[in-house]
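Shown next, in structure tokens, is the structure this report addresses.
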């Protein structure tokens with residue numbers, strides 16, 4: 001048991017070693033929160049890419065590198081599935097690369113992805129059951145698995161949606177993040193109440209094996225943005241909380257990511273541009289950091305796993 005925060009306790013399973021939360025926010029509240037964020041996002045002009053899609057390009061470039069260029073080398077008719085696609089920004093880039101795109105999204109923000117021309121299904125990947133009619137050459141699941149109570153069941157279902165030679169790319173926050181112990185349960189990437197499962201290199205590997213998947217690559221290099229920015233946001237959160245207490249205001253959160261909305265929701269356009277330029281500068285340091293600490297540093301902020309079906313495990317459908 002790792003201590004309570006707002007009625008939520010983090011515990012580590014004695015059998016598998018996975019850290020998980022004992023409670024979380026209601027799914028409906030989370031869906032409404034993400035849909036509201038999507039509604040506030042800038043709208044696309046008559047021509048050109050949707051605002052925000054370029055933010056996904058560095059992640060897709062990393063996935064392409066870790067898969068040995070498979071994502072950018074698209075065979076005719078290849079299909080890609082993005083799980084937790086939200087408004088479909090990553091699907092935009094996959095379609096641009098040549099994939100036929102499908103998304104899974106249960107929140108109202110799926111309407112944005114459909115409007116952008118993507119096929120989207122409201123499927124509970126933890127429950128299984130419903131099978132998609134075609135198998136996929138590529139499945140991406142970026143910062144979704146940590147939101148699930150039954151991550152093994154979700155990966156097992158996704159394994160069954162892969163083509164025999166398909167790959168599944170999963171990215172999650174790393175419980176072994178060097179900065180996490182410095183901030184405790186208030187560390188921004190933990191997002192207690194929203195995130196339910198917390199992974200390290202060995203627990204993510206074990207989870208994949210239980211789901212019938214082979215781990216081809218497990219990447220966790222240091223990244224300048226994730227080394228500095230989450231700690232800065234956490235410090236801002238704590239500072240705002242202290243200011244509220246001094247002014248005698250309630251410090252309880254009315255929903256998920258409230259501090260984040262205060263910091264970013266009211267920012268002016270010029271401030272957004274400044275932050276974007278700073279983050280782009282930090283991103284340019286990443287190749288240097290990876291050469292220094294390697295791609296398997298156990299304290300990197302994020303884990304990226306490239307998974308493939310294990311032929312020794314029979315599909316469950």
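Each value in this text was obtained by applying a stated rule to the coordinates, not by laboratory testing. These numbers were taken from a predicted model, which means no experiment stands behind them. Reconstructed Cβ throughout: ideal geometry from the backbone, glycine too, with neighbour counts over all protein chains shown.
Quick notes on this one:
- Highest average packing first - 297-309, 8-20, Cβ atoms within 10 Å: 297-309, 8-20
- Distance between the range 106-164 and the range 181-200 - C-alpha centres, whole angstrom: 24
- Prolate is the label for the range 122-208, because a/c, from the alpha-carbon gyration tensor with a ≥ b ≥ c as root eigenvalues, is 1.5 or above and a/b exceeds b/c.
- Percent RCO, i.e. relative contact order, over the range 162-229, from Cα pairs under 8 Å lying at least 6 residues apart: 29
- Take the Cα of residue 54, step 7 Å toward its Cβ, do the same at residue 143, and the gap between the two points is 1.9 nm.
- Peptides 82-94, 283-295, 164-176 ranked from most to least packed give 82-94, 164-176, 283-295, packing being the mean of other C-beta atoms within 10 angstrom over each peptide's residues.
- Between residue 115 and residue 132, full extension at 0.36 nm per residue minus the direct alpha carbon distance yields a gain of 4.1 nm.
- Efficiency of FRET from Cβ geometry, residue 11 and residue 163, R₀ 35 Å, rounded to 0.05: 0.40
- Orientation-averaged projected area, Cα convex hull of the range 63-147 (nm²): 5.7
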